[in-house]
Amino acid sequence: MSAAAAYDCVVVGGGHNGLVCATYLARAGRSVLVLEAAPSLGGAAITREFAPGFRVSACAHLLHLMPPALMRELQLERHGLAWAAREVGTLALDPSGSPLHLAQGTLTELSSGAPAPDSAAFQEWRALLRRFTAALHPVLNQTPPRLGTGAWRDRGALLSLALRIRRLGRTDLRELLRIGGICIHDVLEERFASPLLKGALALDAVLGTNYGPRSPGTVLSLLYRSAAGAGAERLALPRGGMGSLTQALAEAARAAGVRLRTDATVERILVHEDRVQAVTLAGGETVRARAVISSADPKTTLLQLLGSEHLDAGFTRRVAQLRTRGLAGKLHLALDGLPVFRGVPASCLRDRLLLAPSADYIERAYNHTKYREYSAAPMMEVTVPSVADPSLAPSGQHVLSAIVQYLPYEVAGGWEEQRPRLLQTLLSTLAAYAPDLPQRVRAAELLAPPDIEREFRIGGGHWHHAELALDQFFLVRPVPGATQYRAPVAGLYLCGAGCHPGGGVMGLAGRNAAREVLREAA
Amino acid sequence: MLTESAPHYRQPLLKTPFHERAREWSQLDSFVPWSGYSTVDVFTSVEQEYFAIRNASSLYDLTPMVKYRICGTDALRFLNRLVTRDLSKLGPGKVAYVVWCDDAGQLIDDGTVFCIGAQEYRLCTGERQLDWLRASAIGFAVEIQEITEDIAALAVQGPTSCALLLRAGLTGIERLRPFEHGEFTLTRAGREPMSLMVSRTGFTGDLGYELWLRPADAEPVWDVLLEEGSPRAVRPVGSRALNMARIEAGFLLPNVDFISAAHTLYVGTERSPLELGLGWLVDFGKGHFTGRRALLAEQERGPRRQLVGLDVDGNKPAHNALLYSDRSARREVGSVSSATWSPTCKRNLALAMVEAAYVSVGSTVWAEIYLNRELTWQRRVVRARVVERPFFAPARRRSTPPALY
Ligand SMILES: Cc1cc2nc3c(=O)[nH]c(=O)nc-3n(C[C@H](O)[C@H](O)[C@H](O)COP(=O)(O)OP(=O)(O)OC[C@H]3O[C@@H](n4cnc5c(N)ncnc54)[C@H](O)[C@@H]3O)c2cc1C
């Protein structure tokens, strides 16, 4: 082995979690190298040009999960993070042109500003979610305990979780147990009348998942999203797109002494006597390391970079069976001017626009994916970030960024053939809300899950690297045997979205993993 | 009458290519199921068949042994990650006894691996393993194919087995060493030459061979062996007689001496190779294999219990006996999984799982045995000593060329 420099820690992947993890490790005195395969850092949280003069957050486009405390600890604002918008509201669009406006505690008719009919129920629901969030949020900051070990650390963590949940009180606890495993559709039916509102609330429960509103477990994914956001609906747009967040993370890492390398693809993780020893890069270079911490998705890390020959067969099978195919795609449009959305004043286009006029609409869009199809009426979460951040487009022009669901990983006919057709479908879907939009399009880019897989090196292209569902959640995330950020091989750790608490631009997987690495002597 | 179209679970058991011949020899018509096949339990009498194994030669139909063909560039790496033993030195023409474990280091099954060529192996096991083999194949360039039905298998075991095979026309068989296999041609006046694979392996702990045949050759080979053999006390044997011989040889029987970790339902009833006294098959130095980390931890802790051989006072087999620390039979320290009176050793033998404090040779435990004397039940607590295994290991099982009795 051509033993090049040796590091205490090599972090595979310079996505936001890899950068967060690296920074905490370096701050604790470890020598740290980040190896990122892409030409730039940031992973699925980057800004890039997609048409001359038009830049966009190429995957994740709204920041709402990263705890403020983490951003303060990492001094991101000092390292260059600035905001285009700190509180982005939500508009539930309706083709007839009377949108609802959802904010922290209020639900109003956008046209009149008056409280919408479901307003009281909405406030009650938000308050309930806030109470659940208060009980569940601390869990995200922690390494999940192991079951049945008898270790005081595991018992303590389980006990404190039990206590926090118990403290919800009888009524809330009962409600949590009742709805925790069921589908969001049923809960929304119980509480609300307006199809438009139910569509908007269902969207947040299914965004980034492989589920429709009637799939069991979608209350859990909503609870996760709101617990992670610790208060929900505080959606923000970093100035310069998501890439400037990860640039600030990279600056924080550099300031802590982390060495960052791009265009450095890790090909293998080398093991000697059941302990991680080094990584090899495409091109043949070897970098020695005492610990390797991977933010690549768990399947790629364990089955490709490490290899099943270092793992037990039962564990390997569990990893191979992880559900990692995504259903979310991304649409980027370069617009020569601001389109007019029916019933939405131009000033409101800084908000997030939801194209999901009812829960049934979402469910129908979802149904197609079972048959390798996409719906003629897909669900979309649309932002026009250039309204709040003119730096993203040439003056007077705009970019539109939309998450599109549901796009099957494998589509009948293949994506080469389907991509242009889907683009037409999406434009006509948008035209139902903003009739002048299609004629304003100067350039378009559409990323289906296989494109996301390729560009961001996420096997399967899943939002959370691996489905966030009860069987791949918390205590058993990503799979039993690799929880607590540790792989079965000594010195190998996982720190990406595939770990607890999951994906979204949050940074907690990275921070929790760093804590686990530091528990072991340098 | 069941028709062809009846669902598979209502179809009669499969018949091995020796079935018709076995029926002709069977006096008791006592067939039992084994891996989906119907096989003979006892032909005439267990004792007579046992003595054929130990004093002459025996034919035993082991076609139901599940056989897999494993080939591909990663065949060796795959097998070495599957089993606990190091197979990297197993060259073509060699056979190895192996066990494999689940992730927790608990035994799934045992079997034999035949190295056919650089990238081709055969795995023979008691039970079907395809699911586990497939899981184990993730990330390895191997092809796994079940070939159970393509091969008829006949064990020829006993002190005269080499002589018998030579007489039958298997020239060169005397040069085959233990745990070797080779291709042979059976030439005999008046018959087409038949080519077959023979391995010097078996389940009796005695001199013996296993013949791996094309199903079409099964009956001719059987006929030839019995033409030569029957005047010399050779006879087909059933699994009951074989069971006595395998206990004498100290071999474990799945579902009797251990339950596969793939099948146990109760926690703690699975067994590790260390507990089963198969530690010699576990090679911690060869690189990773499934269960290695768990077994290493177990070795550091020291196994809680272990399988031992017992010599039990008296002559009543200690079937399923509970074992105690002393004659008062108050504190249980283990139990017997296999027991037999051994006519050859003239000892009352048992295989038993006992607590760690009782595993060393010379330890004494007490066995609780129930005797049925013409419907009058008696309970006996008798002394049992831990002794070396195998109980029976004649030098002839190893000698090459074997003496021609
Ligand atoms: C369509 C879509 C829209 C989304 N929208 C949002 C959103 O609006 N808001 C939000 O919060 N979240 C969103 N998400 C989720 C979010 O983008 C991810 O969960 C998050 O970015 C994952 O971050 P990470 O650091 O864990 O992993 P990644 O960002 O995936 O980083 C992993 C890094 O590892 C690198 N890598 C992989 N293999 C190797 C290798 N062999 N060698 C070297 N480097 C390697 C990759 O190039 C990548 O940079 C969205 C996801 C999708 C798919």
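Coordinate-derived values only; no laboratory data. Quick caveat, the model's predicted, so the values are computed rather than measured. Every residue, glycine among them, receives a Cβ derived from its backbone with ideal geometry; neighbour counts consider all protein chains shown.
What the table shows:
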{"quantity": "Among B:Leu14, B:Leu225, B:Leu165, residue whose mean-square fluctuation peaks in a GNM of chain B (springs only between Cα atoms under 10 Å)", "calculated": "B:Leu14"}
{"quantity": "Gained length - A:Glu189 relative to A:Ser112, 0.36 nm times residue gap less alpha-carbon distance", "calculated": "25.2 nm"}
{"quantity": "All-pairs Cα distance distribution in the stretch A:7-85, expressed in whole percent, bin size 10 Å", "calculated": "16, 43, 33, 8, 0"}
{"quantity": "Cα point-scatterer Debye curve for the stretch B:304-387, base-10 log of I(q)/I(0) at q = 0.12, 0.22, 0.27 Å⁻¹", "calculated": "-0.30, -0.96, -1.36"}
{"quantity": "Kirkwood hydrodynamic radius (C-alpha pairs) into Stokes-Einstein, the protein assembly as shown, 4 °C and 1.567 mPa s, D in µm²/s", "calculated": "40"}
{"quantity": "Mean-position separation - Cα centroids, the stretch B:15-52 and the stretch A:331-362, in angstrom", "calculated": "79"}
{"quantity": "Calculated FRET efficiency for the pair B:Lys286/A:Glu520, C-beta based, R₀ 30 Å, to 0.05", "calculated": "0.65"}
{"quantity": "Cβ-isolated cysteines (cut-off 4.7 Å), the protein assembly as shown", "calculated": "A:Cys9, A:Cys59, A:Cys183, A:Cys348, A:Cys499, B:Cys71, B:Cys101, B:Cys115, B:Cys124, B:Cys162, B:Cys345"}
{"quantity": "Low-density loop positions, GluC sites (Glu not before Pro), the stretch A:286-379 - DSSP coil, at most 16 other Cβ in 10 Å", "calculated": "A:Glu373"}
{"quantity": "Inverse mean reciprocal Cα-Cα distance (Kirkwood Rh) of chain B, Å", "calculated": "22.4"}
{"quantity": "Of B:Lys15/B:Lys89; A:Lys370/B:Lys67; B:Lys94/B:Lys286, those spanning more than 30 Å from alpha-carbon to alpha-carbon", "calculated": "B:Lys15/B:Lys89; A:Lys370/B:Lys67"}
{"quantity": "Two-decimal ratio, the stretch A:82-132, of alpha-carbon radius of gyration to 2.2 N^0.38 Å", "calculated": "1.28"}
{"quantity": "Within straight-line cross-link reach of A:Lys299, lysines at Cα separation under 20 Å, skipping those fewer than 8 residues along the same chain", "calculated": "none"}
{"quantity": "Rounded FRET efficiency, nearest 0.05, which uses the C-beta distance separating B:Thr264 from A:Arg155 and R0 of 22 Å", "calculated": "0.20"}
{"quantity": "Value of Rg/Rh across the stretch B:91-160 [Cα atoms, Kirkwood radius]", "calculated": "0.99"}
{"quantity": "Rounded to 10°, Cα long-axis angle of helix A:242-255 versus longest principal axis of chain A", "calculated": "30"}
{"quantity": "Rg/Rg_globular for chain A, with Rg_globular taken as 2.2 N^0.38 Å and Rg from C-alpha atoms", "calculated": "0.94"}
{"quantity": "Where trypsin sites (Lys or Arg not before Pro) fall in DSSP loop in the stretch A:132-198, at most 12 other Cβ within 10 Å", "calculated": "A:Arg167"}
{"quantity": "At R0 = 51 Å, FRET efficiency that the Cβ-Cβ distance of B:Glu146 and B:Leu371 yields, to 0.05", "calculated": "0.70"}
{"quantity": "0 to 90° range, to nearest 10: angle between helix A:170-179 axis and chain A longest Cα axis", "calculated": "90"}
{"quantity": "GluC sites (Glu not before Pro) within the stretch A:249-296: DSSP coil, no more than 16 neighbouring Cβ in 10 Å", "calculated": "A:Glu273, A:Glu285"}
{"quantity": "Helix runs (DSSP H) in chain B reaching 20 Å along axis by Cα, Kyte-Doolittle at least 0.5", "calculated": "none"}
{"quantity": "Unit Cα scatterers, Debye sum, the stretch A:152-198: log10 I(q)/I(0) for q = 0.26 Å⁻¹", "calculated": "-0.92"}
{"quantity": "Crossing angle, helix A:16-27 versus chain A [Cα axis fit, 0-90 degrees, rounded to tens]", "calculated": "40"}
{"quantity": "Euclidean distance of C-alpha centroids, the stretch A:302-317 and the stretch B:249-281, integer Å", "calculated": "25"}
{"quantity": "14 Å beta-carbon shell around A:Thr429, net charge (K/R +1, D/E -1)", "calculated": "+1"}
{"quantity": "Once exposed loop GluC sites (Glu not before Pro) are cut out (DSSP; at most 13 other Cβ, 10 Å), longest piece of chain B", "calculated": "B:5-373"}
